[in-house]
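Written below as structure tokens is the structure these notes are about.
The values are calculated or read from the model by the stated rules, or taken from the named source; none is laboratory data. Because the structure is predicted, anything quoted here is derived from the model rather than measured. Quick reminder, even Gly has a Cβ in these numbers, built from the backbone with ideal geometry, and neighbours come from all protein chains shown. Keep in mind that these areas ignore ligands, DNA and RNA; they rest on the heavy atoms of the full protein, side chains included. Shrake-Rupley method; radii C 1.70, N 1.55, O 1.52, S 1.80 Å.
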Protein chains: 2
Amino acid sequence: MSDLPTHEQAALQQINETIDLFFSRNTEDATAVSPYYEQLWQDMHRLIGSGGKRLRPRMVLRAYDAFGGDTHEDVLPIATSQELLHMSLLIHDDIIDRDYVRYGVDNVAGEYFKTYYDIVEDEAERLHYAQSAAILAGDLLIAGSYRLMVSSNIGMDALRAVLDVHSRSIFDVAGGELIDTEAAFRPARSIDAQVVALYKTASYTFVGPLTIGAILAGASDSDIEHLRSFAKSLGIAYQLRDDVIGVFGDEQTIGKPTISDIREGKHTYMVEEFYKLANEEQKVRFEQHFGDKRVTVEEAGIVMRLLCDSGALRKTEDTIAKYTQQAYDALAQIQVGDMSELHELVAIVTKRDK
Amino acid sequence: MSDLPTHEQAALQQINETIDLFFSRNTEDATAVSPYYEQLWQDMHRLIGSGGKRLRPRMVLRAYDAFGGDTHEDVLPIATSQELLHMSLLIHDDIIDRDYVRYGVDNVAGEYFKTYYDIVEDEAERLHYAQSAAILAGDLLIAGSYRLMVSSNIGMDALRAVLDVHSRSIFDVAGGELIDTEAAFRPARSIDAQVVALYKTASYTFVGPLTIGAILAGASDSDIEHLRSFAKSLGIAYQLRDDVIGVFGDEQTIGKPTISDIREGKHTYMVEEFYKLANEEQKVRFEQHFGDKRVTVEEAGIVMRLLCDSGALRKTEDTIAKYTQQAYDALAQIQVGDMSELHELVAIVTKRDK
């Protein structure tokens, strides 16, 4: 998604400027509290500046444009709020996943683990305090996302409506995160990976941002309903594509070892399908390596082969195709507006290789 | 604060009904996602129903009444939102403080530690997942607090204004929490306990709720400014009183062992003053026991004696008296409204013994 059309590049720059302004102002306010608080804000600013495709803000703007929205000024803070929410979720997810690196740099907990190096001797204690700072950082960015929305000069009804959508996104994504986390230890098949994909990914990546953009452009209720269906299908297809790339993707292209999803034993739709389709002998071989923390590249190859041979990969591709078609169908129902860019989005999202 | 006048008892009941309705609705929505998500909402509902004086919602209503607000209907969800914020902060604070009990019952992490007992064998893992559920619970209640505010039917300008105050409360309290946590290991005297009291306690307990109530009642900007000064002074006095009770309070009255603040070595204004006032010999004896995880009742008695003898207790009482006076002075500046109940509040807050 790096070859952006010119108007999207301009939008991206405006989003990044809005982010910078938000963090500069908050850092200034934090300085008045304590230099230690200033440090937390500087650290969050550094992290959000280190990466991210600003996918969610861009989804707001795409929907806004599709439904004929004409001035970006009041929409920008609302679009940008979606990136703050994303960042807050990443920061808290990283605590849950015990990850300390994000966008190739230290995340908040990773940075604070270093900050506290000289003053907290015990390593477990230091980790705990670093994670504590990260908990607060995530809280601040949730509040920050609302604050940025409220700072927009849009009218009352629109503001209430987009704030409601935003709250609903958080409700959905937290539920998705909970059951995704629990899927690691709950009984097999008690949690459906398609449900996880809908709530953990589709909700706040597509459903929330696209709905917000449509509301701001004044789309009709029925068109918004079709757009929601579109966003759900698109989001699930996006997540399923992610799962396939996570195992079969080219390391060079995606920039992280594909072996890691196999090492973690990541519970995905494709793995669910494997358990439905594979024979006993295949399952035994699969379990020898899947989730093995010390899996080799050769053994990861065996897992990939099993996912192919069992038909799990093909089934996943079929399901992606099914959701892709549903997305197109929902889009075709929309009465007013120019959906061509959202149409293009489907191919970009579902056929990507990174 | 248990002998409430009749109109406050009625308000308390309405607040609790609003809380129940909020959690029932969200639990219902969570059921549609997953029974495991339903469980998280049920658990939060159980926890918030287990205790809490609803101090912050009542502060909203007190200020609203003081400035002549006449109908509680649209104010109730906004008042109640302050309890959701409080609960979210408690849940995240408990993770940071590694506490598993709140209001005498299991908190979210404590409850999930039991929930996961049969499915996560390793205790450290189980604790991590229990804390992960608690992180999500806190996030949901931050979002929930905004959602409840937005659900009120108040006008546009008032809604924007109270949402801004709310966001500012979260900004302040997170800063206060960060520096309070860091005070445990940062160099001595690099963090001022009065600053911690202002940001960690006064901000979201008094400043936010009272300001919100005044805005909703249509108070003037200058009166709101005086009320903010009042709330800051009152909040600091409240926290300093809390610190004194934490060490010198009667166990029977406050319902928890006073020894625990001594055992934890809690960084307070009184302790700061001790270090300014005590002689070397007193400091040596103090440090033998203060922060000792296995401190005995007799040794705690030595610490109490040292706080008295050094003059730290008297200095703290003087400072409480100073802030109390400042609170009265600020209140006297207010031009319009009936401040008698806020006047009474000062004595209740600063002279309490639990």
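Checked against the criterion of being charged (D, E, K, R) and without any contact (Cβ under 8 Å) to a residue 40 or more places away in the chain, the candidates B:Asp97, B:Asp65, B:Asp74, B:Asp93 yield just one match: B:Asp97.
Among the residues of region B:111-131, just one is in contact with a helix residue (DSSP H, G or I) (Cβ under 6 Å, 6 or more places away or on another chain), within 10 Å of another protein chain (Cβ to nearest Cβ) and aliphatic (A, V, I, L, M), namely B:Val120. Examine region B:73-88 for a residue that is within 11 Å of chain A (Cβ to nearest Cβ) and open to solvent by less than 10 Å² (accessible area, probe 1.4 Å), and state whether such a residue exists. So far as region B:73-88 goes, yes, one or more of its residues are within 11 Å of chain A (Cβ to nearest Cβ) and open to solvent by less than 10 Å² (accessible area, probe 1.4 Å).
Can you find even one residue in region A:60-71 that is of a type in the set (Asp, Glu), in a loop (DSSP other than H, G, I, E, B) and open to solvent by 50 Å² or more (accessible area, probe 1.4 Å)? For region A:60-71, residues of a type in the set (Asp, Glu), in a loop (DSSP other than H, G, I, E, B) and open to solvent by 50 Å² or more (accessible area, probe 1.4 Å): present.
Within region A:31-59, restricting attention to residues that are modelled with pLDDT of 95 or more and out of contact with any helix residue (DSSP H, G or I) (no Cβ under 8 Å at 6 or more places or on another chain), the residue that is surrounded by the fewest Cβ atoms within 10 Å (Cβ to Cβ) is A:Ala32. Taking the stated definitions as given, is B:Ser81 assigned to a helix (DSSP H, G or I), at pLDDT 95 or above, hydroxyl-bearing (Ser, Thr, Tyr) and in contact with a His (Cβ under 9 Å, 6 or more places away or on another chain)? Answer is yes for this residue. Residues in region B:159-185 that are within 23 Å of the chain's Cα centre (by Cα), surrounded by fewer than 21 Cβ atoms within 10 Å (Cβ to Cβ) and at the interface with another protein chain (Cβ under 9 Å from one of its Cβ atoms): 4 in all.
Scoring A:Tyr204 on the criteria (1) open to solvent by 40 Å² or more (accessible area, probe 1.4 Å); (2) modelled with pLDDT of 95 or more; (3) within 12 Å of chain B (Cβ to nearest Cβ) leaves a single failure, condition (1). Picking from residues in region A:132-158 that are open to solvent by 20 Å² or more (accessible area, probe 1.4 Å) and within 7 Å of chain B (Cβ to nearest Cβ), the one that is farthest from A:Thr80 (Cα to Cα) is A:Met156.
Each row is one residue, and each column tells you yes or no for (1) in contact with a Leu (Cβ under 7 Å, 6 or more places away or on another chain); (2) within 27 Å of A:Tyr112 (Cα to Cα); (3) assigned to a helix (DSSP H, G or I).
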| site | (1), (2), (3) |
| --- | --- |
| B:Asp157 | no, no, yes |
| B:Val173 | yes, yes, yes |
| B:Asp180 | no, yes, yes |
| B:Ala184 | no, yes, no |
| B:Ala188 | no, yes, no |
| B:Ile191 | no, yes, no |
| B:Val196 | no, yes, yes |
| B:Lys200 | no, yes, yes |
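For region B:95-131, the candidate set comprises residues that are among the hydroxyl-bearing types (Ser, Thr, Tyr) and in a helix (DSSP H, G or I); within that set, the residue that is least open to solvent (accessible area, probe 1.4 Å) is B:Tyr112.
Considering only region A:245-258, I want to know if a residue exists there that is open to solvent by 70 Å² or more (accessible area, probe 1.4 Å), farther than 25 Å from A:Ser190 by Cα and in a helix (DSSP H, G or I). The answer is yes; a qualifying residue exists.
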